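The values are calculated or read from the model by the stated rules, or taken from the named source; none is laboratory data. Being a predicted model, the structure only gives us computed values, none of them experimental. As a convention, Cβ positions derive from the backbone with ideal geometry for all residues, glycine included, and neighbour counts pool all protein chains shown.
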Amino acid sequence: MKTQRVLQTYNEQDITEGAAREAALRTSEETAQALLDATDDIAVLKELQKRTEMLEVQNLRMLETVDRKSRFFASMSHELRSPMTSIIGFTEILLEDTEEPLTSSQRSLLLKVRCNAERLLDMINDLLDLSKIESGRMTVKVSRVNLPELIQHVVETMTPLVRNKDTCLETEVPDNLPIMRTDEHNLNKILVNLVSNAIKFTPKGCVKISAALKGSKINISVSDTGIGIRRADFCKIFEEFRQVGEHPVGSNGTGLGLAITKKLVHLLGGEIKVSSKLRQGSAFTVVLPVSLSATGGRARRTCKKRQSSDG
Ligand code: ADP
């Protein structure tokens, strides 16, 4: 009986010691694994740090390249502008010179020269604007802006474009709009870009500029009943040098207008949205703060898929 109890106690002790040894073994295995993991982690961290440093260097080089490219475009465009303006000026003089009348073929050739020179000048100006915005040298001058007057001015500037077309140009602007504090020159550019596109892509129909106050923002819409844009292309049209869909005969462009427009809108602290239905028309809406702070907006690079479509 006594011997049996001794044996039982021995066995219990044996089992307890065995379990403790097993547990200790497991703990040391786990510690060893944790150490190995930590060593791996340190190696991974070191690798990550190395790669981050490499990326930082590459990023810096890329920024320098972009800056050099922007400065190159800016100076090239600037140099090209002067001769192009002279060509247009001298062509005007030749066309208006009444002392020595032109033959009809001379006049027709000169009109072509003027038209092409004006197109080139538009392209140069677009490139100049783009490089200025990209290099952060586009200045924002905040002043008091009477939006109805500005819209009226845009309509007067754009009316010649609809004169020989079956397209009307109308406005819907309420009287109670507050005076805005924004950059008039850039807002004018935004509207001119949107309205000239609307006219260009509306061979027959109507283009309307409307404005409405929404809290501390003003929504300015340029809508048309033109060829429309596929939903899949909503994002693409704001990319540089991008043209989509079928272009009406005789229409021209660089694919830079909307890229510049979007950047200018961001510069004015706003956003731009598009809605469109193929063959039914498009509407571009610019949402701007009534009052832009002196620091202006910021340039955003991504295409947020916030555009909407009822198509
Ligand atoms: P561009 O007018 O010089 O081609 P934009 O950047 O202004 O370049 O426009 C990019 C493209 O977006 C146009 O080529 C056209 O395909 C499309 N687009 C812009 N506005 C309209 C519009 N109102 N209706 C239909 N398509 C448009």
Residue, farthest from the ligand (Cβ to nearest atom), within the range 194-205, restricted to residues that are within 20 Å of Leu258 (Cβ to Cβ) and free of Cβ contacts under 8 Å to residues at least 60 places away in the same chain
Pro203
Pairs only if they're at least six apart or on different chains, beta carbon under 8 angstrom, first in the range 225-241 and without any contact (Cβ under 8 Å) to a residue 60 or more places away in the chain, second within 8 Å of the ligand (Cβ to nearest atom) and among the aromatic types (Phe, Trp, Tyr); list them, first residue then second.
Gly226/Phe201; Ile227/Phe201
I'd like the full set of residues that are basic (Lys, Arg) and farther than 28 Å from Lys132 by Cβ, limited to the range 68-111.
Arg107
May I ask you to list the residues in the range 206-264 that are within 6 Å of the ligand (Cβ to nearest atom) and either hydroxyl-bearing (Ser, Thr, Tyr) or assigned to a strand (DSSP E or B) (or both)?
Asp224, Thr254
Considering each of Arg107, Arg68, Arg61 in turn, give the residue that is without any contact (Cβ under 8 Å) to a residue 24 or more places away in the chain, loosely packed, with under 11 Cβ neighbours inside 10 Å, in a helix (DSSP H, G or I) and basic (Lys, Arg).
Arg61
Exactly one of these conditions fails for Lys141: (1) modelled with pLDDT of 90 or more; (2) of a type in the set (D, E, K, R); (3) surrounded by 12 or more Cβ atoms within 10 Å (Cβ to Cβ). Give me its number.
(3)
Can we say Phe90 is part of a helix (DSSP H, G or I), of a type in the set (Phe, Trp, Tyr) and out of contact with any helix residue (DSSP H, G or I) (no Cβ under 7 Å at 6 or more places or on another chain)?
yes
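Taking the options Arg21, Arg68, name whichever one is basic (Lys, Arg) and either modelled with pLDDT of 90 or more or within 32 Å of the chain's Cα centre (by Cα) (or both). Spell out the reasoning first.
Working: Arg21 fails: either modelled with pLDDT of 90 or more or within 32 Å of the chain's Cα centre (by Cα) (or both).
Of Arg21, Arg68, the one residue that is basic (Lys, Arg) and either modelled with pLDDT of 90 or more or within 32 Å of the chain's Cα centre (by Cα) (or both) is Arg68.
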